[in-house]
Amino acid sequence: MAHRQQSLQLTDRFSRQLATTAARVARIASSRWNLAPSDFDGSYATWLDLVVPVVTSAQRSNERLTAAYLTAFITSETGRRPRLRSVESLAGSSRDGRPLRDAWGSPPIKAKVAIGDGKTIAQAQAEARTAALAHADLDTYYGARGTMNTLMVAVAAVTGYSRVTGGNACGACLGAADGTVFSTDEIFQFHTNCDCVAEPVIADVPNLVSRPTGQEIFNNLSEAEQNSRLGEKAAEAVRGGLPISSLVGVAHMDNERDWITQKPLAAL
């Protein structure tokens, strides 16, 4: 919800820019991936040498982009340009506050565990790759999400935020995009390969325009796209009357805040 349609367009542009940066990082991280069977640790360290600076640079870019977006959004809503205070840079840090290299230590361990469980070298490499690329994606977005969380709390004009889905929203994200306004101190929930963003709600302006809910977005997708987003069985259940909000679940994480996740049908 917002006062002006232009404000919603600013959010959409912001979301696309973040997704473009994340895609660029993913291409680099994937193209440089090499977990040598003879030296998991050494080859992974070489990958870190290449990718950590790329993600750190992307985080800095996303920090600047987030501050510019929030400034433009508030200006669009109120007609007054705010002066945002400087916040501590998150670049080089992971979601749990540790340096990226320290926080990304699990992929070669996962590969070794997989080998110990009897999996092939190729399977072990694939598991490690998935974990490593997830780290790069999540922490690239952290440059924006962490900065946005800090700025929204610090700016008096922002009273809350709502969830806006990107072009890759799963059932959980569509279910959570129902117009709910979260308080600024509620941490924005995400998951691997999530391209949702937080859209600020500004004080003392009438909300004259709104977005389609996640349910409405789902209803307007083709059946093939519905199946792609949710999985065929979940999509069929929603087409049959199951509220898409029922798919919103929580994945409990050991070393960071819990993620949003799509509930399996068996859990409903």
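Every number in this text was worked out from the coordinates using simple rules, so none of it is lab data. Keep in mind that this is a model prediction, so the values were computed, not measured. Every residue, glycine as well, gets a Cβ built from its backbone with ideal geometry; the counts of neighbours run over all protein chains shown.
A few remarks follow.
- Yes/no for Asn255 being assigned to a loop (DSSP other than H, G, I, E, B), touching a residue at least 12 places away in the same chain (Cβ under 8 Å), surrounded by 12 or more Cβ atoms within 10 Å (Cβ to Cβ) and not aliphatic (A, V, I, L, M): no
- Residue match in region 2-14 (condition: under 14 Å from His135 (Cα atoms), touching a residue at least 60 places away in the same chain (Cβ under 8 Å), surrounded by 14 or more Cβ atoms within 10 Å (Cβ to Cβ) and β-branched (Val, Ile, Thr)): no
- Cross-chain or 6+ apart pairs with Cβ under 9 Å, region 168-187 first and touching a residue at least 60 places away in the same chain (Cβ under 8 Å), then in a loop (DSSP other than H, G, I, E, B) and among the β-branched types (Val, Ile, Thr): Cys173/Thr165; Leu174/Thr165; Leu174/Thr213; Ala176/Thr165; Asp178/Thr213; Gly179/Thr213
- All conditions but one from (1) within 30 Å of Arg4 (Cβ to Cβ); (2) in contact (Cβ under 8 Å) with a residue 12 or more places away in the chain apply to Asp137; the one that does not is (1).
- Residue among Gly175, Gly179, Gly160, Gly167 that is in contact with a strand residue (DSSP E or B) (Cβ under 9 Å, 6 or more places away or on another chain), assigned to a loop (DSSP other than H, G, I, E, B) and small (Gly, Ala, Ser): Gly179
- For region 47-70, a residue qualifies if it is over 21 Å from the mean Cα position of the chain (by Cα) and surrounded by 14 or more Cβ atoms within 10 Å (Cβ to Cβ), and the qualifying residues are Trp47, Leu48, Leu50.
- Of all residues in region 29-58, those that are farther than 21 Å from Leu138 by Cα have Cβ atoms under 7 Å from Cβ atoms of residues that are part of a loop (DSSP other than H, G, I, E, B), 6 or more apart or on another chain, in Ser43/Asn34; Ser43/Leu35; Ser43/Ala36.
- Annotation for region 224-246: no member residue is touching a residue at least 24 places away in the same chain (Cβ under 8 Å) and touching a strand residue (DSSP E or B) at 6+ places or on another chain (Cβ under 6 Å).
- Ser86 vs. criteria small (Gly, Ala, Ser) and either farther than 29 Å from Ala154 by Cα or touching a residue at least 24 places away in the same chain (Cβ under 8 Å) (or both): no
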